Every structure is written in C-alpha cells, then in structure tokens.
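> Structure below; questions to follow.
The values are calculated or read from the model by the stated rules, or taken from the named source; none is laboratory data. Worth saying up front: this structure is predicted, and the values here are computed from it rather than measured. Cβ: placed from backbone, ideal geometry, glycine included. Neighbour counts: every protein chain shown. Side chains included, ligands, DNA and RNA excluded: accessible areas come from the protein's heavy atoms. Shrake-Rupley method; radii C 1.70, N 1.55, O 1.52, S 1.80 Å.
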Amino acid sequence: MQKKENAVHLREELLANRVVRNLQVRKFEAYYCATAAEAVEKALSLIPESDSVSWGGSVTLQEIGLPERVAQSGRTVIDRDKAKNGKERVDIMRQSLLCDTYLTSFNAISEDGILVNIDNVGNRVAAIAFGPRNVIAVVGMNKICKTLETARIRARNVAAPINVQRVIAIGQEVATPCAASGTCFDCKVDDSICSYIVETRMSRRRGRIKIILVGESLGF
C-alpha cells in the first residue's frame, strides 16, 4: 500500500510541475503543495494582513478550513453566510466583488493551463474575472484534465451534477435532469445551476490570479 501511495504522489507531483509551468506561461502565479495543510499555510502567506477577504461557495475551501483560518487571523472578512436574509446575502455577495483577496477553487483545469468554471448566480466567476485585486484558488489534482475539452466535460458531467446532489442534501429542491440521472443534459430548466460557464485562458494582470495545486483529492 505504501508503494502505491508513493507512486501516486510521485505522479501527482510530476504532473503538477508541468501544469504549474503552463499556468505561469499564461501569467497565473502557480504553486504546488503536497498536502492540504501545506496549501492552507501557502494561501495565508499570500494574503497581506491588511487585506479584506471574501470567498465563493467552495467545498474545497470548506474541506481544508481556509475561511476559518482567515477569520481567525484577524483580517477583515466579507462573509455572505453571516447574512440575516436573502437580500442581505446578495448585498454581501456584491461587496465581495470589491474585496482585496478573493478565495475560490475551480471546477477543472486543463493540463495546458486553462481554467473552467460553472456558476449558478455568477458571483464566483465574476470575481475570478474582474473585481478583487487578487484571487487565490486552491485546487486538488483530481481536477486536472488532459485537454480543454475533457475539462469542459468534467465541469459539466462531474462537478455540476455532484453540486446538485450537495444542494439537495442540505434541503433545497432541485428539479434538473442531472438530479435524477447524475449526468448533464444541457438543460435550460429554471433550477439549472449552470447559468455561467467561463473559461479563463490567462490572467490579464500577471500574478493577479494565484493557483495552489494540491496533491490530494479535494472538492468535486
């Protein structure tokens, strides 16, 4: 078993090094951390203490506990989960677009460094594209795909249907084909969570988008 784990970690590191180089060519700032714990420390080191910080919905961030660590650090936090009602939640999400550092993850990354994201409301992809001064994304190596096309397929047929099941599990009703089948039907129903599909091929300002690849399976 140890030999198997070592082989997996070696492969992940070799692939990550290649992807990091390709991301850097596209003007992203990119790093590789072997573990989630290392990734959290790396992310914290990239956030100036004076920065205001916010984040989008991300299972990866929840899994590694990064939002909690940021809140404990004393930095100014813009947290939509503190809202008292729906209107206030939307207002906070709008405020997040003007924070100093925005935390997120991605649905998929192609080996040549293109980011693919699906969003329901659009706040997350909007923040990635424009608004916050800096974006820090923590991404498990399970989200690395061979090509842009396979990254699109992963986002549509893996990430989105699982996100629907996650939403259902917390008590929300979602009537989409993928909720019943587990795969994408390119639906246009009212409950669809795939309103925005955005591909980011480079960082317009060098280093604005920072990507931490992690040698673990995180999120989905």
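> Collect the residues in region 14-39 that are in a loop (DSSP other than H, G, I, E, B) and among the polar types (S, T, N, Q), keeping them in residue-number order.
Hit for region 14-39 is Thr35, nothing else.
> Separate question: Looking at (1) within 22 Å of Gln24 (Cα to Cα); (2) part of a helix (DSSP H, G or I); (3) not hydroxyl-bearing (Ser, Thr, Tyr), which one does Val135 not meet, given that it meets all the others?
Among (1) within 22 Å of Gln24 (Cα to Cα); (2) part of a helix (DSSP H, G or I); (3) not hydroxyl-bearing (Ser, Thr, Tyr), Val135 violates only (2).
> Further question: Using the structure shown, decide if Ala108 is at pLDDT 95 or above and either open to solvent by 20 Å² or more (accessible area, probe 1.4 Å) or under 10 Å from the mean Cα position of the chain (by Cα) (or both).
yes
Yes/no matrix, rows are residues, columns are (1) under 23 Å from Asn117 (Cβ atoms); (2) open to solvent by less than 40 Å² (accessible area, probe 1.4 Å); (3) over 16 Å from the mean Cα position of the chain (by Cα):
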{"residue": "Phe28", "(1), (2), (3)": "yes, yes, no"}
{"residue": "Thr35", "(1), (2), (3)": "no, no, yes"}
{"residue": "Ala43", "(1), (2), (3)": "yes, yes, no"}
{"residue": "Pro48", "(1), (2), (3)": "no, no, yes"}
{"residue": "Leu61", "(1), (2), (3)": "yes, yes, no"}
{"residue": "Leu66", "(1), (2), (3)": "yes, yes, no"}
{"residue": "Val70", "(1), (2), (3)": "yes, yes, yes"}
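> Take Arg152 and tell me if it is modelled with pLDDT of 95 or more and either touching a helix residue (DSSP H, G or I) at 6+ places or on another chain (Cβ under 6 Å) or surrounded by fewer than 21 Cβ atoms within 10 Å (Cβ to Cβ) (or both).
Yes, satisfied.
> Moving to a separate point now. So which of Leu218, Leu213 is among the hydrophobic types (A, V, I, L, M, F, W, C), at pLDDT 95 or above and touching an Asp or Glu at 6+ places or on another chain (Cβ under 6 Å)?
Leu218
> May I pose another question? Of the residues in region 207-220, how many are in a strand (DSSP E or B) and of a type in the set (Gly, Ala, Ser)?
Count: 0.
> Among the residues in region 115-125, are any assigned to a loop (DSSP other than H, G, I, E, B) and either over 18 Å from the mean Cα position of the chain (by Cα) or under 18 Å from Val25 (Cα atoms) (or both)?
Within region 115-125, not a single residue is assigned to a loop (DSSP other than H, G, I, E, B) and either over 18 Å from the mean Cα position of the chain (by Cα) or under 18 Å from Val25 (Cα atoms) (or both).
> Do the conditions hold for Val53, that is, is it part of a strand (DSSP E or B), in contact with a Lys or Arg (Cβ under 6 Å, 6 or more places away or on another chain) and surrounded by 13 or more Cβ atoms within 10 Å (Cβ to Cβ)?
Spelling it out, Val53 is indeed part of a strand (DSSP E or B), in contact with a Lys or Arg (Cβ under 6 Å, 6 or more places away or on another chain) and surrounded by 13 or more Cβ atoms within 10 Å (Cβ to Cβ).
> Quickly run through region 180-220 and pick out the residues that are under 13 Å from Val135 (Cα atoms), small (Gly, Ala, Ser) and exposed (fewer than 15 other Cβ atoms within 10 Å of the Cβ).
If the condition is that a residue be under 13 Å from Val135 (Cα atoms), small (Gly, Ala, Ser) and exposed (fewer than 15 other Cβ atoms within 10 Å of the Cβ), then Gly207 is the only one that fits.
> Among helices (runs of 4 or more DSSP H) lying entirely in region 148-206, which contain 3 or more residues that are over 30 Å from Arg26 (Cβ atoms)?
In region 148-206, the matching helices (runs of 4 or more DSSP H) lie at 160-169, 177-181.
> Can you name every residue in region 14-26 that is in contact with a strand residue (DSSP E or B) (Cβ under 8 Å, 6 or more places away or on another chain) and either modelled with pLDDT under 95 or surrounded by 15 or more Cβ atoms within 10 Å (Cβ to Cβ) (or both)?
Scanning region 14-26 gives Leu15, Ala16, Val19, Val20, Leu23, Gln24.
> Is region 77-97 home to any residue that is under 17 Å from Lys143 (Cα atoms) and open to solvent by 10 Å² or more (accessible area, probe 1.4 Å)?
No, region 77-97 contains no residue that is under 17 Å from Lys143 (Cα atoms) and open to solvent by 10 Å² or more (accessible area, probe 1.4 Å).
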